[in-house]
Amino acid sequence: MDISLYVGGESHIAGVSEVLKLSSNENPVGPPPAAQQALAEAASKMHLYPSVDHTPLRAAIGEVHGLDPAQIICGVGSDEVLTFLCQAYAGVGDEVIHTEHGFSMYPILARAAGAVPVCVKESDRCVDVDAILAAVTKKTKLVFLTNPGNPTGTTIPMGEIERLADALPAEVILVIDGAYAEYARGYDDTYDGGAALAGGRANVVMTRTFSKLYGLGGLRVGWGYACKEIIDVLNRVRGPFNLSAPALAAAEAAMKDRDFAARCIADNARLREEMRKELTSLGIACDESDANFVLARFRDEDEAVACEAALRGAGILVRKVKGYGFPEGLRITVGDTAGTERVMAAIRAFVGVDA
Ligand SMILES: *Cc1c(COP(=O)(O)O)cnc(C)c1O
């Protein structure tokens, strides 16, 4: 009973049919058409048990990302991979480190495994490597890092993550949660989401998801990448049929549709920057974001609550993030062009600026 219930983004407003949902960082375009087709084709084979080892999906991920499929594990969302990590590596008497504004699932999963979550301060909404290192004790088993962060949208550079990995004791596993990695500025260029680090170290794991960029949040598919020894351990606590055949087929098709992913990344980057600039010009603080959302910071909690209510009145759902340490904040998912115009018009109306 010490575990807090996870609170998700809302999806309905009473009496409103045209709700614009910008509260859960979902892909505004919807699922890739290729994934929809693969799902439809899988329907006639639903009587067959799915693959136990996810070979075709791991091969597709490996090919696109240039990774060894033998070092990949697939889960029911990346949440399940994070669950495996806590189940396998953290137990009663152990500590699991997460950061101040990190994902609320980390303390939930740590407690469910019997371990104690340890929350480390961030500095100016960015992960603070030295603060993490100062919190490491003999009991520490796992360190969870969200990069880019949620709900901050900020990123620490690969060099900083490497410094953290170098300084952690060998028996502590560093988990780089890359749910938003593909949206980061410099992705594929200066930032690989932690792939090289996870591939080359015995104690670093990278997790990724199909729920955001790939538009498959409702299907629940994610994956992890680490050395073979860790993958072998995680596979022992994984249920053999954890992923359904339709989900595997749709995720494989989504991964192979590179044009869809590239288009979504480009559109998101453009609209995210438009939102940040306009919010800033309206006097609402907003950091540069490396994800598919922005964190709008108002003068105080009252103003944030009032703006959320005004947006709700306009049929728009955004996320209050008091539980993530930002009572004055609203996390707003970057929508499509029309959705972005709609939410910005509603915010302009809230602050009393006519467009
Ligand atoms: C959305 C999100 C995930 C993805 O979870 P899935 O289980 O893959 O849907 C993971 N970590 C963070 C920080 C997220 O925001």
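Every number in this text was worked out from the coordinates using simple rules, so none of it is lab data. On a predicted model such as this, the values are computed, not experimentally measured, just so you know. Ideal geometry is used to build each Cβ from the backbone, glycine not excepted, and the neighbour counts take in all protein chains shown.
Here the convex hull built on the C-alpha positions of the range 48-127 has a volume of 129 cubic angstrom per residue. For the range 33-256, a simple Cβ point-charge model (Lys and Arg +1, Asp and Glu -1, everything else neutral) yields a dipole of about 580 debye relative to the Cα centre. Debye-formula intensities of the chain, expressed as log10 I(q)/I(0) at q = 0.13 Å⁻¹, are -1.04 (one equal scatterer per alpha-carbon, no solvent). Using a cutoff of 8 angstrom between alpha carbon atoms and counting only pairs six or more residues apart, the relative contact order for the range 228-346 works out to 21 percent. Across all directions, the average flat footprint of the convex hull enclosing the Cα atoms of the range 171-277 is 8.3 nm². Listed by chain and number, the aspartates and glutamates whose alpha-carbon sits under 14 Å from that of residue 121, ignoring those within fewer than 8 places in the same chain, are 100, 130.
Kindly provide the helix-only [θ] at 222 nm of the chain, computed as the sum of -39,500 (n - 2.57) over DSSP H runs of four or more divided by all residues, to the nearest 500 deg cm²/dmol?
Details: 12 runs with 139 residues, N = 355.
So the helix-based figure for the chain works out to -12000 deg cm²/dmol.
In this structure, the pairs whose alpha-carbon distance is over 28 Å, taken from 228/320; 139/212; 138/322; 21/45; 141/228, are 228/320; 139/212; 138/322; 21/45. Reducing the range 108-136 and the range 3-24 to their Cα centroids gives an inter-centroid distance of 28 Å. Backbone phi angles across the range 320-336, fed through the Karplus curve with coefficients 6.51, -1.76 and 1.60 (θ = phi - 60°), yield HN-Hα couplings of 6, 10, 4, x, 9, x, 10, x, 8, x, 10, 8, 10, 5, 6, x, 7 Hz in residue order; Gly and Pro are listed as x. Sequence-distant contacts, meaning Cα pairs under 8 Å at least 6 residues apart, place the relative contact order of the range 33-256 at 29 percent. Here the 3J(HN,Hα) profile of the range 170-178, calculated from phi with Karplus coefficients 6.51, -1.76 and 1.60 at θ = phi - 60°, is 4, 8, 9, 9, 8, 10, 9, 7, x Hz, Gly and Pro shown as x. Residue order for 236, 312, 201, fewest other beta carbons within 10 angstrom first, comes to 236, 312, 201.
Couplings 3J(HN,Hα) for the range 78-84, derived from phi with the Karplus relation 6.51 cos²θ - 1.76 cosθ + 1.60 (θ = phi - 60°), are 5, 3, 5, 5, 5, 4, 4 Hz, where x marks Gly and Pro. Exposure proxy ranking for 177, 302, 94, based on other Cβ atoms within 10 angstrom of each Cβ and starting from the fewest, stands as 302, 94, 177.
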